[in-house]
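What follows is a short report on a single structure.
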Amino acid sequence: MRNLLFQQRFTVAAFAILSLLMIAGYSLFSITLSKTSFASGTMLLICIFILASYQLRKTFSFLSIGSTSAWLQFHIFIGLFSCLLFALHIKFRIPNGFFETLLFFSYLTVFLSGVIGWFLSRSVPYRLSSRGEEVIFERIPIHRRNILDKVESLVFDNQDSAASKAIPDFYQKHLQAFFAGPSNLMRHILHSERHRHHLSQKITAMKPFLNEQEQITMQQIVELIQQKDDLDYQYALQALLKLWLFVHVPLTYSLILFALFHTIAVCAFASTSG
């Protein structure tokens, strides 16, 4: 814990010192030379390529090129540093040209999605480990199907007996859609349990009308409801992480293309203007 706290403080201090040096150097450079945008733009392009290399590191995780946590910290550090470079490069104002404005919002969306990803990477793993058994995302449909088979066996195995139809009717009215597929995903993401409380109230209201055997069956169904709800919780948060990657990574590559095109255009204009 102390090592983690020391690393965080060291990272913040290093970023603050480097930022001050960058601002001071940029101010001095702007006094002595005119083309400060070229220097800041070049450094910004290098930062963008370094940030994109983090995805390659995750793809080739079998290579021993530093730990994943170290790469993540470095990725966050360079990402924050690139924000400062970007602000200096555009001189703290929104560009006027169409392509420059497009590039501005492209970087902004990548940076903001990166901040969201940083928040998710800190909060989601803790939430996943705090509730239910962690399940591989691709195997969740298999577990969901197993739970569905168990609950339908409990509900319908004695359907032709002299027992009442209270449980089958309740299942078809309140539980069938719940067990059929992912449910309450947004509520799980927002950490809300209102759906569980509502369902628990309905089950509690029905229990006095059940006989002893039906009470036992309903208790088993309640346990399966808990398992299914935990599985939906795992699915919702893991799907959120995958959705974030699906947004952040393509945006990053589109930013690289825009930045390269911008660099080529600037260099071409500089060469023709002498």
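The values are calculated or read from the model by the stated rules, or taken from the named source; none is laboratory data. Here the structure is a predicted model, which is why all the values come from computation and not from measurement. Here the Cβ is made from the backbone with ideal geometry for all residues, glycine too, and neighbour counts use every protein chain on show.
Filtering region 186-218 to residues that are in contact (Cβ under 8 Å) with a residue 60 or more places away in the chain and under 15 Å from residue 230 (Cα atoms) leaves only 191. Please verify whether region 167-189 includes one or more residues that are under 30 Å from residue 255 (Cβ atoms), out of contact with any helix residue (DSSP H, G or I) (no Cβ under 7 Å at 6 or more places or on another chain) and not acidic (Asp, Glu). Yes: region 167-189 contains one or more residues that are under 30 Å from residue 255 (Cβ atoms), out of contact with any helix residue (DSSP H, G or I) (no Cβ under 7 Å at 6 or more places or on another chain) and not acidic (Asp, Glu).
Please state which one of 91, 165 is under 30 Å from residue 209 (Cβ atoms) and out of contact with any strand residue (DSSP E or B) (no Cβ under 8 Å at 6 or more places or on another chain).
Details: 91 fails: under 30 Å from residue 209 (Cβ atoms).
The unique qualifying residue is 165.
Could you pull out the residue among 113, 123 that is among the small types (Gly, Ala, Ser), at pLDDT 95 or above and in a helix (DSSP H, G or I)?
On the way: 123 fails: at pLDDT 95 or above.
Result: 113 is the single residue among 113, 123 that is among the small types (Gly, Ala, Ser), at pLDDT 95 or above and in a helix (DSSP H, G or I).
I'd like to check something: does region 199-208 contain any residue that is in contact with a helix residue (DSSP H, G or I) (Cβ under 9 Å, 6 or more places away or on another chain) and closer than 26 Å to residue 129 by Cβ? Taking every residue of region 199-208 in turn, at least one turns out to be in contact with a helix residue (DSSP H, G or I) (Cβ under 9 Å, 6 or more places away or on another chain) and closer than 26 Å to residue 129 by Cβ.
Residue pairs whose Cβ atoms lie under 6 Å apart, sitting 6 or more positions apart in sequence or on different chains, and linking a residue in region 125-145 that is more than 16 Å from residue 181 (Cα to Cα) to a partner that is in a loop (DSSP other than H, G, I, E, B) and modelled with pLDDT under 95, are 128/134. For the criterion of being among the polar types (S, T, N, Q), exposed (fewer than 15 other Cβ atoms within 10 Å of the Cβ) and at pLDDT 90 or above, residue 101 passes.
Scanning region 135-142 finds one or more residues that are β-branched (Val, Ile, Thr), in a helix (DSSP H, G or I) and loosely packed, with under 13 Cβ neighbours inside 10 Å. Could you please let me know if residue 108 is at pLDDT below 95, in a helix (DSSP H, G or I) and surrounded by 14 or more Cβ atoms within 10 Å (Cβ to Cβ)? Considered against the rule, which asks whether it is at pLDDT below 95, in a helix (DSSP H, G or I) and surrounded by 14 or more Cβ atoms within 10 Å (Cβ to Cβ), residue 108 comes out as no.
Report yes if residue 169 is modelled with pLDDT of 90 or more and farther than 29 Å from residue 247 by Cβ, otherwise no. Here the answer is yes, as residue 169 does meet what is asked. For region 186-219, a tally of residues being surrounded by fewer than 16 Cβ atoms within 10 Å (Cβ to Cβ) and closer than 22 Å to residue 140 by Cα returns 8. What are the residue pairs meeting all of these: first residue in region 82-105, first residue without any contact (Cβ under 8 Å) to a residue 24 or more places away in the chain, second residue of a type in the set (Phe, Trp, Tyr) and surrounded by 11 or more Cβ atoms within 10 Å (Cβ to Cβ), Cβ atoms under 7 Å, and 6 or more apart or on different chains? Pairs that qualify, where the first residue is without any contact (Cβ under 8 Å) to a residue 24 or more places away in the chain and the partner is of a type in the set (Phe, Trp, Tyr) and surrounded by 11 or more Cβ atoms within 10 Å (Cβ to Cβ), are 90/104; 94/104; 95/104. Residue 239 satisfies every condition listed in (1) in a helix (DSSP H, G or I); (2) loosely packed, with under 15 Cβ neighbours inside 10 Å; (3) within 25 Å of the chain's Cα centre (by Cα) except (2).
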